[in-house]
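Engineer: This is the structure I want to talk about, given as C-alpha cells.
The values are calculated or read from the model by the stated rules, or taken from the named source; none is laboratory data. Keep in mind the model is a prediction, meaning the values are calculated, not measured. For neighbour counting, all protein chains shown are included, and Cβ atoms are generated from backbone atoms with ideal geometry for every residue, glycine included.
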Amino acid sequence: MLSRKNKLLLFKLLSLFSVVRGYNILVITLAQYLASIYILSPDLPLRDVILDINLFLIVTASALVIASGYIINNFYDAEKDLINKPTKSMLDRLVSQRFKLTTYFILNFLAVIAASYISFRAVFFFSAYIFGIWLYSHKLKRIPFLGNLVSATLAIAPFFVVFVYYKNFETVIFVHALFLFLLILAREMIKDLENMAGDLAQNYRTIPILYGAKISKGLIALLILLTWIPALLLIKIFDVGYMYLYFWLCIVLLGLFLVLLWKAAGKKHYVWLHNILKFIIVAGVFSILLIDVDLVLNRIL
C-alpha cells in the first residue's frame, strides 16, 4: 500500500500531467515524426529520419514549448475552468500556481537551449513561439475570432517548423496543412460554445457570447464545408495512398457533425461535437501510415 505522502505525490504528478496535457503532446510528437517520414521526406532512408539529431531537437523543443503553453493557459484560465471543467480543475489545483509558473519558465528555458543546438533561426522561431503562446493566453484569446485564429495557427506551428526544416514545398503539403488548420479552427470555435458559462462569468468576448449560438454555428458549419475542399483534393488529385479512405471517412463524419451541430442545444451536445473533431484529428495522425503501407518495410530492407 502507498503511504499518504506517496499518494499525494502521485496525485500531484497526475495533476501536472493533466495541466500539460501529456497525452496531447505524445500525439503531436508522433504526428511530427510520421509527417517527417511519410510526407516531408519520403525519399530519405528511414534511419536517417529517425536518427536525425536536429529533428529530435526540433520535436523536443516543440514538446517543451507546448507543455509550457498549456501551463500558462491553465494559469490564466484557472477561475474560468472552475466553472467549465470543475473536475479537471480540482485535479489541476493539486499543483500550486507558483510551481506551475516555475515549471513554465524551466520548460521554456530548456526549449531554447535545445533550439540553440540547431541554429540561431531555430532559437528565434521557438522564442517567437513562446511569446505568441503567452500573448494568446494573456490577451488575444479574449478577442472574438482573432483568438480562435491565433490558437489554430499556434496549434499547427510545430508542423510548420518541421516543414521548413525539410524545405519541402510541394503543393500536397499545403493542402494537408489547410485541412488540419480548418479542422482545428472549427474545434476552437466549438470550444467557445462548450465553455460559454465560464466565458460569460469571466467577461470573455467570444463569438457565441457577442453574437449568439446561431451565428457561431453558422461560422463553424462554413469551416466544416470548407474542410471538404482540401479533403476532396487529396482524394481526387494527389497521391495519398490508402489514406484516401481516411478522407472519405472524414467527409462522412463531418456530414454527421453538421447535422448534430444544428440540433445541439447544450454543453453536453457541444462536448460530443468537440470529441468528434478530436477523433478526426487524432485518427488523421495514425492514418498517415496509410500513405504507403510498405514504406517502412522497404526502407528498412
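Engineer: Residue check: is Ser151 hydroxyl-bearing (Ser, Thr, Tyr), outside the structural domain of Leu234 (by TED's automatic domain parsing) and touching a residue at least 24 places away in the same chain (Cβ under 8 Å)?
Structural biologist: Here the answer is yes, as Ser151 does meet what is asked.
Engineer: With the condition kept exactly as written, say whether any residue in region 130-141 is over 27 Å from Ile207 (Cβ atoms), in a helix (DSSP H, G or I) and among the aromatic types (Phe, Trp, Tyr).
Structural biologist: So far as region 130-141 goes, no, none of its residues is over 27 Å from Ile207 (Cβ atoms), in a helix (DSSP H, G or I) and among the aromatic types (Phe, Trp, Tyr).
A quick yes/no check of all residues on (1) at pLDDT below 85; (2) farther than 30 Å from Leu101 by Cβ; (3) part of a loop (DSSP other than H, G, I, E, B):
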{"residue": "Leu30", "(1), (2), (3)": "no, no, no"}
{"residue": "Ala35", "(1), (2), (3)": "no, yes, no"}
{"residue": "Asp43", "(1), (2), (3)": "yes, yes, yes"}
{"residue": "Asp48", "(1), (2), (3)": "no, yes, no"}
{"residue": "Val59", "(1), (2), (3)": "no, no, no"}
{"residue": "Leu64", "(1), (2), (3)": "no, no, no"}
{"residue": "Ser68", "(1), (2), (3)": "no, no, no"}
{"residue": "Phe75", "(1), (2), (3)": "yes, no, no"}
{"residue": "Glu79", "(1), (2), (3)": "yes, no, no"}
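Engineer: I've got another one for you. With at pLDDT 90 or above, assigned by TED's automatic domain parsing to the domain that holds Leu34 and under 17 Å from the mean Cα position of the chain (by Cα) as the only criterion, which of Ile190, Ile184, Ile156 stands out?
Structural biologist: Ile156
Engineer: Which of the residues that make up region 47-75 are surrounded by 16 or more Cβ atoms within 10 Å (Cβ to Cβ), of a type in the set (A, V, I, L, M, F, W, C) and farther than 30 Å from Leu14 by Cβ?
Structural biologist: Val49, Leu55
Yes/no per residue for (1) surrounded by 13 or more Cβ atoms within 10 Å (Cβ to Cβ); (2) in contact with a His (Cβ under 8 Å, 6 or more places away or on another chain):
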position	(1), (2)
Leu193	yes, no
Ile209	yes, no
Gly212	no, no
Lys217	yes, no
Ile237	no, no
Leu245	yes, no
Leu253	yes, no
Val259	no, no
Lys263	no, yes
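Engineer: When residues of region 106-132 are filtered for being touching a residue at least 12 places away in the same chain (Cβ under 8 Å) and either surrounded by 17 or more Cβ atoms within 10 Å (Cβ to Cβ) or within 28 Å of Asp77 (Cα to Cα) (or both), how many remain?
Structural biologist: Adding up the residues that qualify gives 15.
Engineer: Can you pull out every residue in region 142-155 that is outside any loop (DSSP other than H, G, I, E, B) and surrounded by fewer than 18 Cβ atoms within 10 Å (Cβ to Cβ)?
Structural biologist: Listed by number, the residues that qualify are Arg142, Leu146, Leu149, Thr153.
Engineer: So, Asn203, is that one on the phi > 0 side of the Ramachandran plot and either small (Gly, Ala, Ser) or assigned by TED's automatic domain parsing to the domain that holds Tyr270 (or both) or not?
Structural biologist: yes
Engineer: Collect the residues in region 177-225 that are among the basic types (Lys, Arg) and touching a Leu at 6+ places or on another chain (Cβ under 6 Å), keeping them in residue-number order.
Structural biologist: The answer is Arg187, Lys217.
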